[in-house]
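These notes are about the structure you will find just below.
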Amino acid sequence: MAVLSKIRQRSLLVIAIVGLSLFAFIIGALIENGGFGTGSRNAGTINGVDIPFESFRVKVDNAQKSQQGQGASLMQATNAVWEQEVRRVLLEDQFEKLGLRLGDDQLITVMQDDPQFAQFKGPNGKFNTAKFNEMVASMKKSQPDWERWLNYEKAISQFATEQMYNTIVKSGFYTTQAEGKFNYELENNKVTFDVVSVPYTTIDDKKVELTDEEVIAYMKKNEKKYKAEESREFEYVLIEDKPSAADEKEIKDKVNALLNSSVVYNTKTGKNDTVAGFRNAKNVIEFVNANSDIKYDSTYIAKNELPVDHAQALYNTAPGAIYGPYVFGDYYCISKMLAKKAGLNVKSSHILVSYKGSMRSESSITKEEAKAKAEGILAQAQANPASFAMLAFTSSDDPGSKQQGGDVGYIAKESNFAPKYKDFVFGNPVGKIGLVETEFGYHIINVTDKQDGVRLATIAQKIVPSEATTDAAFTTASKFEILANEKDFATAAKESKLTVAPVAKVLALDENIQGVGPQREIVRWAFNAKEGEVKLFNTSAGHVVARLKKVNDKGLMPVADAKNIFGFKLLNEKKAKLIEAKMTGSTLEAVAKATGSPVKEAKDVVAAGSFIETIGSEPKVVGTAFSLKPGVVSQTIAGNSGVFKIKVKSTAKAPATKDFKAVVNRISGQAKGSAAGRVYSTLRQNADIEDNRAEFN
């Protein structure tokens, strides 16, 4: 009663303390998350267009849901949505300027080609617009369905409008005859010359060391090219929380013990009962589900899908017999063979001959013409089965498989293949070649392999560290954190017999750290900590003790990084001056004698590619060769791999022609093929983008 009385007397004080603590917690959270107007409420701004955080978060959530099972992390979804938003804003601005709009009729036309609406196409290929509209109208009855439909419409409209825009962009690229002639000559004019080359590698790097001032001066000449985002560098030690040898033995013994009968005390009868083990269990499925970390799976498995190291032994296990224990990944396993099944999967190749009106077809030939063509190919394939791959490569209308000689890989009976196709491959022996018609057209099919399968009952228990092992790892990490705060990080690691990982450098939106995988929490800490700060993190890889080593502010990239990127170029410029001083003499023979480098012949070199045999690509050298008169010794040329002097021996003009159509078509195709990508890249490069994603992730 005295204790309760004291608690009542102090209750007001307790309430006041708790209230103040909660207030401090809320204030702290507001400050940390940019409350009271200190932070942005936008995920970013693109050319003045705000991307509200709330709508951005919804899109990220939806992206994560759609990527479930694919291992996509929050940051991966965030980055993907951000790139979509940047693209949308930049291109919509272009659409607006050009007045591009997609009408309802155009939208329906685009949707007609979507495979998910194939059921609205009749046998003649005509789209049933009335039934399609009924389906759309029915979606209005459900708000979630209607919202999904509107989002789908918006995405399709964006895609189709972008295709229109890309078509306009491509049409603006035109290759002239003059360009064709110029490129024809680049590829076919030839020059033969003698050359003396002195590689940069003949000069020791120590003779031309770079100063930080030289590197910075070089970057300042083109600050935009060498700008760097804000980054952090930290060093860390990983104390893995992994099973010990004793832990592994304990789990192995536990799995082994499940094989045989055991005596268990029955609390109801007060007597000992003998419980059957895995070998003699009457209900195998129930036994597996009661004792395994992975529940029973009734699926038949092909031999090539079994654990590699144990596939042969497992496959050859007799029905009712046991195999194991064996290690598979992080598990100790024992398996019982339940059944075997012949022809589980079938591998085949096919040659598709489509016709006008068949599904996903761009063919203009009639059904009758397609059948006649398919029968002709069938006759060739049956007469010479070895030619099947080449026939597929040259004749198949299936772009997905023709590059693999028609190979479609292994399929199961449950796979989403045309029923008639599956009936043929599962109903015929290996080596059979025949003709089948499906909604896609006529298929010449070659059955190339069959796989049998097995059904196993497997008890798998995960090999995990014991509580004692986990406690020991955490204790080691905690002691090291304390020591690292008192001493130099490397010294503390040495005393603790731990290894310091290479310095990790991260940007604000990074999440992966080499050696420990996705660790967004550590990246966030690095951008809020002070240099020298040490912290312990408990991760899926183990305990990470990290120390923030360096804060790199936004601006020019760090000198060390710059040296790795272009330091060799500045070194070569210095080396070139030293080499040029040695390359004296009015003849190549004199230059060769002065440098100790032999005179070599570069024969029939073309300007396109500028490749010199035994030397490599040297555009400056080849360009100089085409500009020199025969017999004239060039000045020194500082190239990619060294310094050169050359003397032209002869030139050969390209064979005369007035038709540059093939060259024009090739160059035009290349230009148009990359046009849309290059235009978008320029739009993004010149855009004013404020990226606040790091504030919310």
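Just so it is clear, none of the values below were taken in a lab; they were calculated from the coordinates. The model shown is predicted, which means the values in this text are computed figures rather than measured ones. Because the Cβ atoms are built from the backbone with ideal geometry, glycine has one as well, and the counts that use them run over all protein chains shown.
Using packing as a proxy for protection, rank 676-682, 599-605 so that the peptide with the highest average count of other Cβ atoms within 10 Å comes first.
Values: 676-682: 13.9, 599-605: 16.3.
Ranked from most to least packed, the peptides come out as 599-605, 676-682.
Relative to the present Cα-Cα distance, how much length would full extension add between Glu153 and Glu134 at 0.36 nm per residue of separation?
Values: separation 19, 0.36 × 19 = 6.84 nm, distance 1.58 nm.
Gain in length upon complete extension: 5.3 nm.
At a 10 Å Cβ-Cβ cut-off, how would you order Tyr174, Tyr326, fewest neighbours first? Numbers along the way, then the final one.
On the way: Tyr174 10, Tyr326 17.
Sorted ascending by nearby Cβ count, the order is Tyr174, Tyr326.
Would you mind ranking His443, His543 so that the residue whose beta carbon has the fewest other beta carbons within 10 Å leads the list? Write down the numbers at each step before the final one.
Values: His443 26, His543 22.
Exposure proxy ranking, most exposed first: His543, His443.
Taking all Cα-Cα distances within the chain, those exceeding 48 Å account for 50%. Under a 5 Å amide H cut-off, with hydrogens placed 1.01 Å from N, Asn512 pairs with Gln519 among residues at least 5 apart or on other chains.
Spin-label model, Val327 to Thr651: label points 7 Å out along the Cα-to-beta-carbon direction sit 6.9 nm apart. With each label modelled as a point 7 angstrom along the Cα→C-beta vector, the Lys341-Glu369 pair spans 4.4 nm.
Karplus-based coupling profile of the range 391-399, in residue order and whole Hz: 4, 5, 4, 9, 10, 6, 8, 9, x, with θ = phi - 60° in 6.51 cos²θ - 1.76 cosθ + 1.60 and x standing for Gly or Pro. Modelled label positions at Lys658 and Arg279, each set 7 Å beyond Cα in the direction of Cβ, lie 9.4 nm from each other.
Judged by the mean number of other Cβ atoms found within 10 Å, the most tightly packed of the peptides 338-350, 92-104, 189-201, 288-300 leads the ranking 189-201, 338-350, 288-300, 92-104.
Remark: the range 173-183, residue by residue, has Karplus-estimated 3J(HN,Hα) of 9, 9, 9, 8, 4, 5, 5, x, 4, 4, 5 Hz, where x stands for each Gly or Pro and the curve is 6.51 cos²θ - 1.76 cosθ + 1.60 at θ = phi - 60°. For the pairs Lys494/Lys563; Lys367/Lys420; Lys206/Lys593; Lys190/Lys649; Lys505/Lys563, flag any whose C-alpha to C-alpha distance is greater than 23 Å. Checking Cα-Cα distances, Lys494/Lys563; Lys206/Lys593 exceed 23 Å. Per-residue Cβ neighbour counts within 10 Å put Lys462, Lys225 in the sequence Lys225, Lys462, beginning with the fewest. Distance between Cα centroids, the range 455-472 to the range 329-362: provide it in whole Å. The distance from the Cα centre of the range 455-472 to that of the range 329-362 comes to 33 Å.
Normalising by the residue count of the chain, find the relative contact order in percent from Cα pairs under 8 Å and 6+ residues apart.
Working: 975 pairs, mean separation 162.1, N = 697.
Averaging sequence separation for qualifying contacts and normalising by length gives 23 percent for the chain.
Sorted by packing (mean other beta-carbon atoms within 10 Å per residue), highest first, where do 207-217, 406-416 land?
Numbers: 207-217: 13.4, 406-416: 15.2.
Answer by packing, highest mean first, reads 406-416, 207-217.
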